[in-house]
1. Specify which of the listed residues (A:CYS395, A:CYS399, A:CYS388) is more than 14 Å from chain B (Cβ to nearest Cβ), in contact with a Leu (Cβ under 8 Å, 6 or more places away or on another chain) and within 16 Å of A:THR36 (Cβ to Cβ).
2. From the list B:GLY264, B:GLY248, exactly one residue is more than 17 Å from the chain's Cα centre (by Cα) and either closer than 19 Å to B:ILE156 by Cβ or open to solvent by less than 50 Å² (accessible area, probe 1.4 Å) (or both). Which is it?
3. Hey, which of the strands (runs of 3 or more DSSP E) in region A:382-480, taking only ones fully inside, have at least 1 residues that are among the polar types (S, T, N, Q), touching a Cys at 6+ places or on another chain (Cβ under 9 Å) and farther than 24 Å from B:HIS91 by Cα?
4. Within region A:466-481, how many residues turn out to be open to solvent by 30 Å² or more (accessible area, probe 1.4 Å), out of contact with any Phe, Trp or Tyr (no Cβ under 6 Å at 6 or more places or on another chain) and touching a residue at least 12 places away in the same chain (Cβ under 8 Å)?
5. Consider B:ASN171 carefully, then state whether it is touching a His at 6+ places or on another chain (Cβ under 7 Å), crowded, with 24+ Cβ neighbours inside 10 Å and away from chain A (no Cβ under 13 Å).
6. Counting only residues that are open to solvent by 30 Å² or more (accessible area, probe 1.4 Å) and outside any helix (DSSP H, G or I), which one in region A:1-30 is farthest from A:LEU70 (Cα to Cα)?
7. Being in contact with a Phe, Trp or Tyr (Cβ under 6 Å, 6 or more places away or on another chain) and among the small types (Gly, Ala, Ser) is the filter; apply it to region B:113-122 and report the residue that is least open to solvent (accessible area, probe 1.4 Å).
Amino acid sequence: MKKFPHPLKIARLIVATAFGLTLTLIFLVPGSAISTVLSPILTPLQLVPSIVRLTGGAVIVLAGLIPVLLLTILMGRVYCSTVCPLGILQDLVIRFRRQFPGRRWFRYNTPPPLFHYSVFSLTVVLALSGSFLLLNLLEPFSTYGRVVSTVGGPMAVALNNAAAFLLNRLGLPLLVHLPWRVADLVAITIPALVIVAIGAMAFWRGRLFCNTLCPAGALLGILSRVSIFRITVDHERCNECGHCERVCKAECIHSASKTVDFAACVGCFNCIDACPTVGLSFEPIWHRDPRTRTNDGRRSVLMTLIAPVTGRLAVDSTIAPRALTYDESRRLAVAPPGAASTERFTGLCTACHLCVSACPTQVLYPSVLEYGLEGLFQPRMNYTASYCNFDCTVCGDVCPTGALQALPQAEKKLTQLGKAYFVREDCIVVTKKTDCGACSEHCPTKAVKMIPEGKVLLPVVTDTLCIGCGACEHACPTKPRKAIYVIPSAVHGKAQKPDTTPVQQGKQELEEFPF
Amino acid sequence: MAGGMRLEAAGKTPDLVAVKGGEAEAMFRRGIAALGGMRAFVKPNSKVVIKPNIGWDVPPERAGNTNPKLIAEIIKQCKESGAKEVTVFDHTCDNWSRCYRTSGIEAAVREAGGTMAPGHAPAYYQEVKLGTGKSLTSVKEHEAILAADVFINVPILKSHSSTRLTIAMKNLMGNVWDRGYWHANDLHQCIADYAGYRKPTLNVVDAYAVMKRNGPRGVSVSDVVTMKAQLLSTDIVAIDAAGAKLLGLDPSDVRHIELAAARGVGTMELDKLAIERISL
């Protein structure tokens, strides 16, 4: 009869299931309230986003960060098997791998920590120098979120819409159609390939990614070297049968020498159950029998600082308003509200795409090269797809790294992401001499006004009132180029408050019918 | 409808009813009574669709959307007249779920026993041919309109940056999916073309709070005056002409009113109409 799993393993499975499901949900359904409600609870526990956010001075994330660090000091990298969505995903791959006879077991093969720390150092140095490229490609929360958002999102929408269509046909309007957000092909394929590669690594050698490339794994690995509870081998009981070694997905147990590389251990607790002699336990260091030991020998490496290989990979585009054509402006990105400036934003965003998923109007899309290579996949405003809702602050509210600051609504309404630019010769009012005014209709501040020109009304932009929300650009019906578009502001400005003098003084109620 | 016996007993039903000086619900009760009561429009077991203006993510005091109290009162009366179902929708401009919520209309409809239908995706629209349109020959029209026996058009009177004002005919733009086509192909003509094709059973113009500038979205409450008026008519051109006057515009300044009158959709010459004026 199969024996009941160790309580720690059961706890791990329950917590991992809860985090796995909720962290998937916040990315999966576009514009869903689930993201807005759950994100502030879940994301402070995500290590790298919270550290990035802390560098911006948001001490609130300590509420998540401190428990994670304390937990690691207490019991090692259990984070990697419970809170990290990419870790949970790899565990699913590893579970699948077990179905293959030749791939059923692992063997001791802890990757050299020097390599891991070198990658980690390079990642940190690049990030400090302003390029988040490597961090964003390796950071587990963002790597996971990106794929769920850009690949899983459209699939969820497709399923939902198909079901909505069928139910509607049956006279059961239980589901509503969801809007499509299909990102640029590059923004879909590269994150997908990255996750396939990580999955392949997991299929090949378990948690290899976590012990070679993952920045969170490196950081927690350092901490776990001093952790209190550890996987401990009882040298008396252990008969070097190797059962523990072959179930260890981190490949960190060496049965023959009865040692565990605890810095590489992801705290799955599979080994405890695998041991036929009850020779493995999870114990505080003071309980350790002098004859038992874990391998702490590899502590040599720390922070080999890689020479600043960096240099910013793309040239800073200083934006000269009015000098850009429509096509040029398309190649630059409007940074979302709360970014403050493109430079600040690209230096803090890990491209997790939580805002992309949560945005109610679905105006946020992953960039490709619009911010330069270093800003790969960081979200930008896509005014062809939609526009920014005037009263909405969701993106800043859910951002786990603080790259988008949570702006109070009143401040957001005056935050100038860019400025609308009107191209007279492309406007329908000029080319067809008929009224249109879609731009001005949608403008929430009336920065775009219509003034008479002959018998028709022509748009005029008041720069100082424009907040760059893109409503005008989105609504403009000219094709193929919009006759009004937003030119991004590299540094977000502050718009003037609109005039609020009452439109009519004195008595307002109708006294006599004018007909 | 206790007030149903009051004014129309004298004889002929008026072409246009104008009410002022009351709350939205009270004005509607008096106005509809003057037109012969709700039962004149809503037969037992019929499917009713109500099309307010829910275009914008703004609260009721901004007068960017139809007054939710008016919508609730209309639903109530439809129900009392035996309507089988009352559906309310709009193809909003701002994000649909935010518009439905912020406008207060979703809550009001639910409370009054109506159904809010979504209109934010092309799946809810079906292609129809207009036949006679000059600029507009076909549209994708909302399924709720196509399925309804009774269509009640309930716009709010507002200034409008592209069409000068928006009242009953302009409100019908929210019946269709591709509004961009209208904007790009002689907006006024398209509005008149569609008005010639889809005739509401009844039009009710909400002029309780009226956005006099910066329409159709408005910038702040300072754009709004509390006019406390309401118009009711089956003639969409007449009601727009009267609404224009309430905003201080001459109906002939608004091209789609002229175009629709010219093609015989209704009459814009108010002095030729039987208008019942009610002050509360």
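1. A:CYS399
2. Details: B:GLY264 fails: either closer than 19 Å to B:ILE156 by Cβ or open to solvent by less than 50 Å² (accessible area, probe 1.4 Å) (or both).
Going through B:GLY264, B:GLY248 in turn, the sole match is B:GLY248.
3. A:415-422
4. 0
5. Working: touching a His at 6+ places or on another chain (Cβ under 7 Å): no; crowded, with 24+ Cβ neighbours inside 10 Å: yes; away from chain A (no Cβ under 13 Å): yes.
Judged against the criteria, B:ASN171 is not a match.
6. The residue in question is A:MET1.
7. Only one residue tops the list, namely B:GLY119.
Conditions tested, residue by residue: (1) open to solvent by less than 10 Å² (accessible area, probe 1.4 Å); (2) among the hydroxyl-bearing types (Ser, Thr, Tyr); (3) within 13 Å of chain A (Cβ to nearest Cβ).
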position	(1), (2), (3)
B:GLY131	no, no, no
B:LYS140	no, no, no
B:ALA148	no, no, no
B:ILE152	yes, no, no
B:LEU165	yes, no, yes
B:TRP177	no, no, yes
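The values are calculated or read from the model by the stated rules, or taken from the named source; none is laboratory data. As the structure is a computational prediction, the values presented were derived from the model and not from experiment. Cβ coordinates were reconstructed from backbone atoms using ideal geometry, including for glycine residues, and neighbour counts include every protein chain displayed. What goes into the accessible areas is simple: the full protein's heavy atoms, side chains included, and nothing from ligands, DNA or RNA. Shrake-Rupley method; radii C 1.70, N 1.55, O 1.52, S 1.80 Å.
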